[in-house]
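S.K.: Sharing a structure here in structure tokens format.
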Amino acid sequence: MFTTGDHLYLYAALGLYALALIMYFGKFRGAFWILIAGLIINSLYLLGRGWLGGVFIPNPIFEGPFLLPWCVALIAVIMRKAGGDHDWGILIIPLLLFTLFAMYHAKGMIPPTPKKMTVWALAFFFTETMAHACFYCGAVLAIMYLSKNNQASFHSLIIWGFMAYSVSQVVGAVWCYMGWGNTFRWGPRHMTSAAIWLIYAAYLHLRFMSAWNMRRRAWYAIVVATIVFISVFKHYLHEMTFPRIGG
Amino acid sequence: MLKKIWMFSWNFLGDIRLSFYLLISAALFLLIGAFYSGMNYSYFSKLNEMRLQDWMIQRLAAEPGITWWLPLLLIVLVLLGVNTFICSWDRMSSLLPGRKEVSCRRFLNNITPSLIHYLFIIVMLGHAVTFMLGSWQRIPVKEGASIKISEDFPEFRIDSIENDYFPQDSPLKDRIRQTTVSMRSPKGESLELSFLNHLAFKGYHLHLDMVKKRKDKRSRQEIIEQQKKETCNKEDVYHLKSNQKKKSRKLLLLVIDDPGLYIIISGFVMILILMFWYFVEIRKRNNV
């Protein structure tokens, strides 16, 4: 594909996201359409990653550091289209940061093992990354809520993130059994994943505790998203040491 | 007096605040465990091939500095299960008397969180069954060799082992895309096994695995060095060229007896279905 191995498309997406942010804060019209353009270029770049190995292998498309900005952009687009939330543009800030990280990250593909060549693996990576994106966006909106005391849209995003994460745990368990013969493995990746699910399950229970009003829940959302960020990005940085093909 | 103690214990163990603290504690111990297992990957990977109690007898006391979190995690999870049961029981008990005062759909929506919690307990019990009663055998597979898993399992002969590689003109050349093992029993039953395509046979699940061969004689220092280098990335195992000179690949048949598997998977699926239905109904109700 024409975008395969050409990282300029990622840089172009970054440029468009930056322009969208400037236009949003400058209250210029068209910020949303520039964001859409960035999302399209980002999508083309992602699709091109499928051919890094010389044959089409979808795994690199769903690699976390590169899929995460796409997910955040998609969430911003959905929030804008769903209407009623004027803070959609603030999500371009984490979008820019995650895209910058993707530019810094090793861009080649980790050669897939036979056990990763299944739709269950792809479904796992997609739902997990989408959930992470919801958690990070939820934290950003929680910061907005604390500073402006406006509507608490962060809560809905965290619920959606929890549901996506629950799906990722199930498809991950299926994939793990198919490949390795266990639904849960005592390894760092699995245990961190389970811990994140429990932390957000705890968040769901806060509504039943009168001491946890919306402001305290916003703080909780910010703190746990930070824990998720540290755990996940530590793993992304570790993966940079793995041998890669195509960059 | 006894009734007072019982009521106090029941209320304490079923308190929603306890749920919160137990969830956070379990998450904390899992994060600690993730840290230690990341630093000692080989040591903890054995836990995936042994029953939990056997591993704890062998390895828990041997290295308490890196395993102390595991018994605490198990205690917290047991308490979480008890807390979840009591909390859900109380909720259901309060909802059931009023079931005729609301519509059937509304009633089902009201009890759905409790059902989800019961299913969560069932999934946790399924995991406990797997960890404590499961068995994992690893049998080397070689072409022409015979394998016998157990007395009630027929002896199988390995007819052929076929490796399918990525195209030689691609950057992924010399890497295995798939391996297919054909086996035949004396009675003519034939089985074909490949990565990700496991087989269910006579109560066992058969999977394929590939590992690096270890040198027969290794010094303690070599073993420690090798264990330190081990990570979750196994791409070099399937790369022929890096292993060809040393012939250091070994194909294994994983013979698994997992009594908790179907409990876990069916519980998970039911939780997802109920969860999605519940949140969609809540959103509809809030939008009305």
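S.K.: When the stretch B:126-156 is examined, which residues are found to be part of a strand (DSSP E or B) and of a type in the set (S, T, N, Q)? Quick ask: steps written out before the conclusion?
M.R.: Within the stretch B:126-156, the first condition is being part of a strand (DSSP E or B), and the residues that meet it are B:135-140, B:146-147, B:156.
Scanning the stretch B:126-156 gives B:S135, B:Q137, B:S146.
S.K.: Among the listed residues B:M183, B:M210, which satisfies the condition of being surrounded by 13 or more Cβ atoms within 10 Å (Cβ to Cβ) and more than 23 Å from the chain's Cα centre (by Cα)? Can you show your working first?
M.R.: Working: B:M210 fails: more than 23 Å from the chain's Cα centre (by Cα).
Sole residue among the options that is surrounded by 13 or more Cβ atoms within 10 Å (Cβ to Cβ) and more than 23 Å from the chain's Cα centre (by Cα): B:M183.
S.K.: Now for a different question. For the list (1) open to solvent by 40 Å² or more (accessible area, probe 1.4 Å); (2) closer than 14 Å to A:V72 by Cα, I need the number of the one condition that A:L14 fails.
M.R.: (1)
S.K.: Working only within the stretch B:27-44, note down all residues that are farther than 14 Å from A:H235 by Cα, of a type in the set (A, V, I, L, M) and within 7 Å of another protein chain (Cβ to nearest Cβ).
M.R.: B:A27, B:L30
S.K.: Can you tell me how many residues within the stretch A:172-221 are assigned to a loop (DSSP other than H, G, I, E, B) and more than 17 Å from B:I264 (Cα to Cα)?
M.R.: Of the residues in that region, 6 qualify.
S.K.: Out of (1) closer than 27 Å to B:L172 by Cβ; (2) at pLDDT 90 or above; (3) away from chain B (no Cβ under 14 Å), what's the single condition that is false for A:G50?
M.R.: (3)
S.K.: For residues that are open to solvent by 70 Å² or more (accessible area, probe 1.4 Å) and among the β-branched types (V, I, T), scanning just the stretch B:246-288, find the one that is farthest from the other protein chains (Cβ to nearest Cβ).
M.R.: B:V288
S.K.: Just need a number here: residues in the stretch B:19-55 that are closer than 17 Å to A:A202 by Cβ and either out of contact with any Phe, Trp or Tyr (no Cβ under 6 Å at 6 or more places or on another chain) or surrounded by fewer than 20 Cβ atoms within 10 Å (Cβ to Cβ) (or both).
M.R.: Taking the stretch B:19-55 first, the residues closer than 17 Å to A:A202 by Cβ are B:19-32.
The next check asks that each one be either out of contact with any Phe, Trp or Tyr (no Cβ under 6 Å at 6 or more places or on another chain) or surrounded by fewer than 20 Cβ atoms within 10 Å (Cβ to Cβ) (or both); those that pass are B:19-28, B:30-32.
Counting residues in the stretch B:19-55 that are closer than 17 Å to A:A202 by Cβ and either out of contact with any Phe, Trp or Tyr (no Cβ under 6 Å at 6 or more places or on another chain) or surrounded by fewer than 20 Cβ atoms within 10 Å (Cβ to Cβ) (or both) gives 13.
S.K.: Filter the stretch B:129-146 down to the residues that are surrounded by 17 or more Cβ atoms within 10 Å (Cβ to Cβ) and of a type outside the set (F, W, Y) and list them by number.
M.R.: B:T130, B:G134, B:V141
S.K.: Go over the candidates A:I199, A:I222 one by one and state the one that is in contact (Cβ under 8 Å) with a residue 12 or more places away in the chain, at the interface with another protein chain (Cβ under 8 Å from one of its Cβ atoms), out of contact with any Gly (no Cβ under 6 Å at 6 or more places or on another chain) and more than 21 Å from A:A121 (Cβ to Cβ).
M.R.: Values: A:I222 fails: at the interface with another protein chain (Cβ under 8 Å from one of its Cβ atoms).
The match here is A:I199.
S.K.: Working carefully through the options A:M209, A:M163, A:M178, A:M144, find the one that is aliphatic (A, V, I, L, M), within 13 Å of another protein chain (Cβ to nearest Cβ) and over 24 Å from B:F276 (Cα atoms).
M.R.: That would be A:M178, the only listed residue that is aliphatic (A, V, I, L, M), within 13 Å of another protein chain (Cβ to nearest Cβ) and over 24 Å from B:F276 (Cα atoms).
S.K.: Report, ordered by the first and then the second residue, all pairs with beta carbons closer than 7 Å, sequence separation of six or more or different chains, a first member in the stretch B:93-122 that is assigned to a helix (DSSP H, G or I), and a second member that is of a type in the set (S, T, N, Q) and buried (at least 16 other Cβ atoms within 10 Å of the Cβ).
M.R.: If the second residue must be of a type in the set (S, T, N, Q) and buried (at least 16 other Cβ atoms within 10 Å of the Cβ), the pairs left are B:L95/B:N110; B:S114/B:S88; B:H117/B:T84; B:H117/B:S88; B:Y118/B:S88; B:F120/B:T84; B:I121/B:T84.
S.K.: Within the stretch B:172-193, track down each residue that is touching an Asp or Glu at 6+ places or on another chain (Cβ under 9 Å) and more than 8 Å from every other protein chain (Cβ to nearest Cβ).
M.R.: B:T180, B:V181, B:S182, B:M183, B:R184, B:S185, B:P186, B:S190
S.K.: In the stretch A:16-52, what residues are without any contact (Cβ under 8 Å) to a residue 12 or more places away in the chain and under 19 Å from the mean Cα position of the chain (by Cα)?
M.R.: A:I40
S.K.: I'm told B:E63 meets every condition in (1) within 12 Å of chain A (Cβ to nearest Cβ); (2) at pLDDT below 90 except one. Can you identify the failing condition by its number?
M.R.: (1)
S.K.: Going by the structure shown, is A:I34 more than 28 Å from A:P243 (Cα to Cα), open to solvent by 50 Å² or more (accessible area, probe 1.4 Å) and either basic (K, R) or in a helix (DSSP H, G or I) (or both)?
M.R.: Considered against the rule, which asks whether it is more than 28 Å from A:P243 (Cα to Cα), open to solvent by 50 Å² or more (accessible area, probe 1.4 Å) and either basic (K, R) or in a helix (DSSP H, G or I) (or both), A:I34 comes out as no.
S.K.: Would you list the helices (runs of 4 or more DSSP H) that sit entirely within the stretch A:44-155 and hold 2 or more residues that are touching a Lys or Arg at 6+ places or on another chain (Cβ under 9 Å) and farther than 30 Å from B:K212 by Cβ? Talk me through it step by step, then tell me what you get.
M.R.: Numbers: elements: A:64-82, A:92-104, A:119-148.
The helices (runs of 4 or more DSSP H) meeting that bar are A:119-148.
The values are calculated or read from the model by the stated rules, or taken from the named source; none is laboratory data. Keep in mind the model is a prediction, meaning the values are calculated, not measured. Positions of Cβ are backbone-derived with ideal geometry, glycine not excepted, and every protein chain shown enters the neighbour counts. Surface accessibility is based on the protein's heavy atoms, side chains included, excluding ligands, DNA and RNA. Shrake-Rupley method; radii C 1.70, N 1.55, O 1.52, S 1.80 Å.
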